[in-house]
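The values are calculated or read from the model by the stated rules, or taken from the named source; none is laboratory data. A quick note: this is a predicted structure, and the numbers were derived from the prediction, not measured. Positions of Cβ are generated from backbone atoms using ideal geometry, with glycine treated the same way; all protein chains shown enter the neighbour counts. In case anyone asks, the SASA skips ligands and DNA or RNA and just uses the protein heavy atoms, side chains included. Shrake-Rupley method; radii C 1.70, N 1.55, O 1.52, S 1.80 Å.
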Amino acid sequence: MNWVWNNLDLIGELTLEHIRLSIPPILLGFLISIPLGFLAYRFKLTRGLLLTVAGLLYTIPSLALFVILPPIIGVSYLSEVNITIALTIYAVAIMARSVADALGSVDPAVRQSATAVGFSSWRRFWQVEFPLAGPVILAGLRVASVSTVSLVTVGIFIGIESLGYLFTNGLQRRIFAEVLTGVVMTVIVALLIDAILVLIGRLLMPWTNPGTRRSANRTATQLPLAQGGGAR
Amino acid sequence: MIEFRSVSKQFPDGTLAVDDFSLVMPSRKTTVLVGSSGSGKTTILRMINRMVDPTGGAVLIDDEDISGLEPVALRRRIGYVMQNGGLLPHFKVVDNIATVPVLTGVPRGAAREQALTLMDTVGLDRSLADRYPSQLSGGQQQRVGVARGLAANPNILLMDEPFGAVDPIVRAELQQETIRLQRELDKTVVFVTHDIDEAFLLGDQVVILEKGGRIAQVGSPTEILADPASEFVADFIGADRGKRALSIRRTERGAILVDSEGRAAGVLVDGGPTA
Ligand SMILES: Nc1ncnc2c1ncn2[C@@H]1O[C@H](COP(=O)(O)OP(=O)(O)OP(=O)(O)O)[C@@H](O)[C@H]1O
Ligand SMILES: [Mg+2]
C-alpha cells in the first residue's frame, strides 16, 4: 500500500487522463449511432448490412485496430485521434444495434396515436419515438461506456498514457499494488461514468423514474385493502 | 358531414378489409360503427383522417374529397380517441391534452391553460395535470384521451373503442359523460365499438357491419330494434333479444314486464328514470 501513498499524484493524473480519453469516443459513438441505428431500424436492407458490419467490427482486436488505423487515416501512432477513432468504432458497433432495437421496442400503439393526432414523421421521431426509445438506448450507452473505459487501457501498448500505464509499469517492475491500483481505478472510472449516465437518464426521462411509476394507482387501489378492506 | 362513396380498402397483403362501403355520417350527430372483430371498423374510421388511404372510392368531408388534403394538417383538425387512451407515456397529462394545439403553433403556456379548462370539461381533477399517464387509472386515462381529442376544438371526433378496456362501472360513467359532452359540444362523432348496447346508447345513427365492412343495417337504434333487417342483425342484437322484447303482464298488484320467455324483467312505474 505504500506504493499508493507515494504515487497519489501519478494515480490522480492518470485517472484524469483516462477520463479525458474515454469521453470523446462515448459521445461520438452515441451521436453516430443515432442515424445508423435509425437506418437499421427503418429499412430491412440496411438493418442486415449494418448489424453484420457492426458485429464484425467489434470482433477486431483493439490492439490490431490501433495499429491498422493510423496508416489508413493518416495520423501518427501516438496521436490521440487514433485511439479516439478506434474506440468510437467499437462504441458505434455496440450502440447502433441498441438504437435500432430501442426504436423497434417503442409501442406501435403509441406511434400510431402520435400519427393520429397529427405529428409529422420528423417531429414524431424526435418528440415521441426517440425519447421513448431512451431507456433502451441508455442501456446500450452504458455498455458502450464501460467497454470504452476498459479499452482505453489498451492504448498504453501504442504509447497513449492512461490507467493502463499502471498495468504495464506494475508488471515490468513487479509491483503488485500498482497493477491492482490500475484495475481498481479503471473500475471506479467506469462506475463513475455509469452513475453520471444514469443520473442524466433520470433527469431527461422523468417518466421512467421509479417514484412516478404507477404509484398513484397503487395508493388508490391498495390502500383500502391495506387498511382492512374486508370491512367495506 | 362525412361521406363514403363506394370505398374499398385492400391491404398490401391482399386482405380486403373494406369492400364497397357507402355511407353518409351526418354533421353534429353520433354515428356508431358496430360489428365483430375484424369487420373493418377501425379501417373505416382511419380512412377519415387518412391514417389509411382507400384503394377504391372516395371519402368526402363537407363535400371535399380528402384525398387531396395534406394528411398531417387533416389529422390536426380531427380529434382521435383510441383504446387505452393512446396517450404519450412521456408527456404529463396536461401536455398530452395540449399536444395538438402545441403542434399547430399555439404557445405552450396558452395551450396548457386551455388544457386545464378541458380537464374540467371532461371531469378530471386539475391536480392530476402534472402526472404521467402511467400514474392514472384506466378511466382517468380515457378521459385524458377524450380531452386531447377535443383540444383543437375539432368539428369531427373519431373514437375507436375508447371504453373497451375499462371496467363496466367506469365504462357506464364514461358513456354518460360522452352523451353529456355531445349534448354540450355538438360534434360530428364517429364511434367504433363491438358492444351493441353501447352502440344503441350513444348512436343517433347505428351501422351494423359484417365482415369486409359490408353494412348489414343502418338506422336509428329504434329502427334497428323494431325491425332487424336480416337474420344476421337479429342474431347480432340477439344475445339480448329476450331482454329487449319486453311485454307487459298485468297482475293484481300492478304491471310487470316480462321477456320473450316469460321471465320477469322488471316492474312498470310511472315517470321513467329521473334525470
Ligand atoms: N395493416 C394491415 N395489413 C393487413 N391487414 C390488415 C391491416 N389492418 C387491418 N387488417 C385486416 O383488415 C381487417 C379489418 O381490420 P380492422 O382493424 O378494421 O377490424 P376491426 O373491425 O377494427 O376489428 P377489431 O374489433 O378487432 O378492432 C382484418 O381482417 C384485419 O386483419
Ligand atoms: Mg378495431
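Figures for the structure shown
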item	result
Residue count, the range B:57-81 (criterion: in contact with a strand residue (DSSP E or B) (Cβ under 7 Å, 6 or more places away or on another chain) and open to solvent by less than 20 Å² (accessible area, probe 1.4 Å))	8
Any hit, the range B:69-86, residues being more than 12 Å from chain A (Cβ to nearest Cβ), more than 20 Å from B:MET47 (Cβ to Cβ) and touching a helix residue (DSSP H, G or I) at 6+ places or on another chain (Cβ under 6 Å)	no
Index of the failed condition, B:PRO168 passing every other in (1) within 16 Å of ligand 1 (Cβ to nearest atom); (2) out of contact with any helix residue (DSSP H, G or I) (no Cβ under 9 Å at 6 or more places or on another chain)	(1)
Which numbered condition B:SER22 fails, given (1) among the hydroxyl-bearing types (Ser, Thr, Tyr); (2) more than 23 Å from B:PHE236 (Cβ to Cβ); (3) open to solvent by 50 Å² or more (accessible area, probe 1.4 Å)	(2)
Sole residue being surrounded by fewer than 14 Cβ atoms within 10 Å (Cβ to Cβ) and farther than 22 Å from A:VAL136 by Cα, chosen from A:PRO61, A:PRO35, A:PRO70	A:PRO61
Top-ranked residue of the range B:163-195 - restricted to ones that are within 16 Å of ligand 2 (Cβ to nearest atom) and within 14 Å of another protein chain (Cβ to nearest Cβ), ranked as most open to solvent (accessible area, probe 1.4 Å)	B:ALA165
Residue among A:SER105, A:SER113 that alone is within 14 Å of chain B (Cβ to nearest Cβ), out of contact with any His (no Cβ under 9 Å at 6 or more places or on another chain) and open to solvent by 30 Å² or more (accessible area, probe 1.4 Å)	A:SER105
Count of residues meeting criterion [away from chain A (no Cβ under 14 Å) and in a helix (DSSP H, G or I)] in the range B:119-142	4
Tally of residues being closer than 27 Å to B:ASP197 by Cα and buried (at least 22 other Cβ atoms within 10 Å of the Cβ) across the range B:104-123	1
Test for B:ALA17: is it farther than 17 Å from B:PHE191 by Cα and either away from ligand 1 (no atom under 13 Å from the Cβ) or not assigned by TED's automatic domain parsing to the domain that holds B:LEU136 (or both)	no
Selection count, the range A:74-104, where residues are over 29 Å from A:ALA133 (Cβ atoms) and basic (Lys, Arg)	0
Some residue of the range A:119-135 being open to solvent by less than 10 Å² (accessible area, probe 1.4 Å), part of a helix (DSSP H, G or I), under 19 Å from B:LEU87 (Cα atoms) and more than 14 Å from every other protein chain (Cβ to nearest Cβ)	no
Residue within the range B:73-86 that is in contact (Cβ under 8 Å) with a residue 12 or more places away in the chain and more than 22 Å from the chain's Cα centre (by Cα) present	no
Failed item in (1) surrounded by 18 or more Cβ atoms within 10 Å (Cβ to Cβ); (2) touching a strand residue (DSSP E or B) at 6+ places or on another chain (Cβ under 8 Å), with A:LEU141 passing the rest	(2)
Qualifying positions in the range A:30-71 - of a type in the set (Phe, Trp, Tyr) and outside any loop (DSSP other than H, G, I, E, B)	A:PHE30, A:PHE38, A:TYR41, A:TYR58, A:PHE66
Residues being open to solvent by 70 Å² or more (accessible area, probe 1.4 Å) and under 19 Å from B:SER22 (Cβ atoms) - total across the range B:214-228	2
Candidates A:TRP122, A:TRP126, filtered to the one that is aromatic (Phe, Trp, Tyr), over 24 Å from the mean Cα position of the chain (by Cα) and closer than 30 Å to B:GLY105 by Cα	A:TRP122
Helices (runs of 4 or more DSSP H) (entirely within the range B:1-111) containing at least 1 residues that are closer than 22 Å to B:GLY203 by Cβ, at pLDDT 95 or above and within 16 Å of ligand 2 (Cβ to nearest atom)	B:41-46
Selection within the range A:40-58 - surrounded by 18 or more Cβ atoms within 10 Å (Cβ to Cβ) and either among the hydrophobic types (A, V, I, L, M, F, W, C) or in contact with a Pro (Cβ under 6 Å, 6 or more places away or on another chain) (or both)	A:ALA40, A:LEU50, A:LEU51, A:ALA54
